[in-house]
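First comes the structure, then the notes that go with it.
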Amino acid sequence: MPENIYRIPYDNFVIAAGQTESNTLTVEFTGSLYGLQKGTTYLLPIAAVIDETIADKVYCSDVAHYIALDVDRELIYTPGLSMQNYSSAMYRTLSIPNNEVVTIEGNTHTFEMRIFCYGWHSGTNYIGTWRGQDTNNNEAFSGCEVRVTGEEGNSNIGNRQCDLTLASQGKTISTGTWHTISITCDGTQTGQRQEVAYRYYLDGELIAEAAPTKRFGPTSSQRFQVGYTLTGFQFGYASSGYYFNGLIGEIRMWKDCLTQEEISSHLRTVENPSKDEMYAYWKLDEGEGTTLKDSSGNGRDLTFPEGTEVAWGAELED
């Protein structure tokens, strides 16, 4: 049995004087079964060892016993970038090649991420955001920040163009499983109309909806519109206190405001991506190297600087 899939909390098992059984042996599986093959039985040998001071008084069979793990089905894993250990080299913004500024037509779009969390910490768990540029003054901005607050995993989608932090969500994101986060924008012009612009879905379930909280205008607090450009993606936040203990899987930027039915049809992956339907689609399934390929057909690869030690991982799908 591979050592990376299990742990024994303590290894001191004793049969007390006058007893025939030891204290309980506990084996914990870590949750990652990556690398195990269908049709294989994996064994963890258990053998008793007699203290040498009483070896002449106690007989112990030298026959080993085993804990067996049978894999009776195909294990499907989703790869991704591992953000578990904070690193300024990975917690950074990657820009589209040639500093391309992609116009989001009509402000209509859908932003999606797949995430796997090992454990939420008590502060803000900053996962990532797509980045844009204000065409009025060329200032960079966060188009939609995905962050989770507190150890219970209370989800917030916040800041500037997409702000659902004020919506009553009452929803937590569980650990130890893959989730798909989807944020849709129906094209409402910020400050021009007051109706709902954003909807937040978790694994295809509508969680919250809200009108934009930022207004388009001349002051510093109002100068942003909804979306309208895409320049790259920011992984995490440039501070170790906001780290995300997990994996980031697929990142998708659609041209349309997808319906709930459309979102639910591709929670795990997009089978036939098209540049006519997507601005960018980073699967993050390379498993090695520093380049994140754009599978949309638009050629908008993201690349970490040369020499960056990019951490990869993979976890089992339910």
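Observations
- Screening Ile104, Ile54, Ile15 for residues that are among the β-branched types (Val, Ile, Thr) and either touching a residue at least 24 places away in the same chain (Cβ under 8 Å) or under 19 Å from Met1 (Cβ atoms) (or both) leaves exactly one candidate, Ile104.
- Of residues in segment 203-238 being over 18 Å from the mean Cα position of the chain (by Cα) and small (Gly, Ala, Ser), the one modelled with the highest pLDDT: Ala208
- Checked against the criterion of being farther than 23 Å from Lys293 by Cα and polar (S, T, N, Q), segment 87-105 contains not a single residue that satisfies it.
- Of all residues assigned to segment 279-298, none qualifies as being closer than 25 Å to Arg92 by Cα and in a helix (DSSP H, G or I).
- Counting only residues that are buried (at least 16 other Cβ atoms within 10 Å of the Cβ), closer than 22 Å to Thr103 by Cβ and either charged (D, E, K, R) or out of contact with any Asp or Glu (no Cβ under 7 Å at 6 or more places or on another chain) (or both), segment 278-305 holds 8 of them.
- From Thr78, Thr93, residue being β-branched (Val, Ile, Thr) and either within 25 Å of Gly241 (Cα to Cα) or touching a helix residue (DSSP H, G or I) at 6+ places or on another chain (Cβ under 9 Å) (or both): Thr93
- Residues (of a type outside the set (S, T, N, Q) and in contact (Cβ under 8 Å) with a residue 12 or more places away in the chain) located in segment 35-51: Gly35, Leu36, Lys38, Gly39, Tyr42, Leu43, Leu44, Pro45, Ile46, Ala47, Ala48
- Taking the criterion of being closer than 28 Å to Glu315 by Cβ and surrounded by fewer than 21 Cβ atoms within 10 Å (Cβ to Cβ), the only residue of segment 96-118 that qualifies is Tyr118.
- Here is the figure for segment 252-277: residues that are in a strand (DSSP E or B) and either surrounded by fewer than 18 Cβ atoms within 10 Å (Cβ to Cβ) or aliphatic (A, V, I, L, M) (or both) total 1.
- Residues of segment 151-201 that turn out to be closer than 18 Å to Trp120 by Cβ, of a type in the set (A, V, I, L, M) and modelled with pLDDT of 70 or more, as a count: 2
- Residue within segment 117-124 that is in contact with a Phe, Trp or Tyr (Cβ under 6 Å, 6 or more places away or on another chain) and either at pLDDT 95 or above or hydrophobic (A, V, I, L, M, F, W, C) (or both) present: no
- Checking each residue in segment 287-318 for being in contact with a Pro (Cβ under 9 Å, 6 or more places away or on another chain) and touching a residue at least 60 places away in the same chain (Cβ under 8 Å) picks out Gly287, Gly299, Arg300, Asp301, Leu302, Thr303, Trp312, Gly313, Ala314, Glu315.
- In the set (1) in a strand (DSSP E or B); (2) over 16 Å from Cys185 (Cβ atoms), the condition left unmet by Phe244 is number (1).
- Arg92 vs. criteria of a type in the set (D, E, K, R), under 33 Å from the mean Cα position of the chain (by Cα) and surrounded by 11 or more Cβ atoms within 10 Å (Cβ to Cβ): yes
- Any hit, segment 17-38, residues being among the acidic types (Asp, Glu), under 17 Å from His65 (Cα atoms), out of contact with any His (no Cβ under 6 Å at 6 or more places or on another chain) and in a loop (DSSP other than H, G, I, E, B): yes
- Picking from residues in segment 57-86 that are free of Cβ contacts under 8 Å to residues at least 40 places away in the same chain and of a type in the set (Gly, Ala, Ser), the one that is farthest from Arg7 (Cα to Cα) is Ser61.
The values are calculated or read from the model by the stated rules, or taken from the named source; none is laboratory data. If you're wondering where the values come from, they're calculated on a predicted model, not measured in any experiment. Cβ atoms come from the backbone with ideal geometry, glycine included; neighbour counts cover every protein chain shown.
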